[in-house]
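Below you'll find the structure, written out as structure tokens, and then a few comments.
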Amino acid sequence: MLKLFKTILKAGEPTVKYPFAPLEISPDFRGRPELNPEQCIACAACTMACPANALTMETHPEKDERLWQLFIGRCIFCGRCEEVCPTKAIRLTNDFELAVTNKADLYVKAVFRLQHCEVCQQPFTPEKSAHYAVELLRQSGVSDEALASMKSQFTTCPACKRKQTVGRHDQQGLSFNVVEKADERV
């Protein structure tokens with residue numbers, strides 16, 4: 001019996017005093033996602049990659065805004081959002097103590113302004129996304145003069161671009177013929 005007590009004393013304390021003392025966690029621990037709205041371009045890549053549908057993005061053209069929302073109650077802390085973010089705006093923290101007394105505290109929201117089309121004045125994309133595309137081109141070596149000439153491409157919605165393209169083809173006398181293949185019966 002004395003040998004048993006000696007072994008127990010040598011082993012030390014096997015448990016941690018977690019609620020009363022901080023718990024040491026690994027640096028690779030995946031906890032609550034955190035968004036840096038200054039870096040986010042509201043591209044919605046994270047919302048498409050989220051398997052638990054904890055991330056959502058809603059576009060409200062009447063308010064000229066895009067709403068990004070995270071519901072931590074649904075998050076499974078998989079890290080897919082962090083992997084697909086092109087600007088590294090979302091990352092997983094080491095925070096795992098997520099108990100709240102009010103369900104509304106589990107929601108994290110960010111609002112982004114929309115870019116208006118210079119032709120039809122309808123909102124079509126987040127402003128930050130358009131600016132990000134311009135900056136990528138500038139970093140790849142495109143001159144400021146070339147970017148100035150391409151400005152209308154970044155401030156025109158896809159529908160107006162299509163109308164302008166079809167209008168140019170009509171002015172040049174080009175027409176689009178749809179050829180339908182007849183059913184061949186043997």
If you stretched the chain out fully between Ala49 and Asn94, how much longer would it get, using 0.36 nm times the residue separation minus the C-alpha to C-alpha distance?
-> 14.1 nm
Expressed as an acute angle from 0 to 90° and rounded to the nearest 10, what is the orientation of the C-alpha long axis of helix 158-171 relative to the principal long axis of the chain?
-> 20 degrees
Lysine pair number, Cα distance threshold 17 Å (strictly under), the chain, separation 8 or more or different chains | 6
Within the range 74-159, GluC sites (Glu not before Pro) in DSSP loop having at most 14 other beta-carbon neighbours inside 10 Å | Glu97, Glu118
Relative to the present Cα-Cα distance, how much length would full extension add between Ala104 and Glu118 at 0.36 nm per residue of separation?
-> 1.2 nm
Expressed in angstrom and ordered largest first, the alpha-carbon extents of the range 1-109 along the principal axes are 78, 31, 24
Remind me, what semi-axes does the range 70-111 give for its equivalent ellipsoid, largest first in whole Å, using sqrt of 5 times each Cα gyration tensor eigenvalue?
-> 21, 13, 9
Using a Förster distance of 35 Å, how high is the FRET efficiency between Val16 and Glu38, based on the Cβ-Cβ distance and rounded to 0.05?
-> 0.40
Once you mark the trypsin sites (Lys or Arg not before Pro) that are in a DSSP loop and have at most 11 other Cβ atoms within 10 Å, what is the longest gap between them in the chain?
-> 89-180
When only C-alpha pairs under 8 Å and at least 6 residues apart count, what is the relative contact order of the chain, in percent?
-> 19 percent
In this structure, the FRET efficiency calculated for Ala146 and Asp28 from their beta-carbon separation, with R0 = 30 Å, to the nearest 0.05, is 0.10
Rounded if a/c is under 1.5, else prolate if a/b is larger than b/c, else oblate: which is the range 56-164, with a ≥ b ≥ c the root eigenvalues of its Cα gyration tensor?
-> oblate
Please work out how much length the chain gains when fully extended from Val84 to Val111, using 0.36 nm per residue of separation minus the C-alpha to C-alpha distance, in nm with one decimal.
-> 7.7 nm
Sparse-neighbourhood loop hits (chymotrypsin sites (Phe, Trp or Tyr not before Pro), the range 77-176; DSSP loop; Cβ within 10 Å at most 13 others) -> Phe96, Phe176
Using the Kirkwood formula on alpha carbons, the hydrodynamic radius of the chain in angstrom works out to 21.6 Å
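A short reminder: the numbers here are calculations on the coordinates, not readings from a lab. Keep in mind that what you see is a predicted model, and the values were worked out from it rather than measured. Counting neighbours? That spans all protein chains shown, and the Cβs are built from the backbone with ideal geometry, glycine included.
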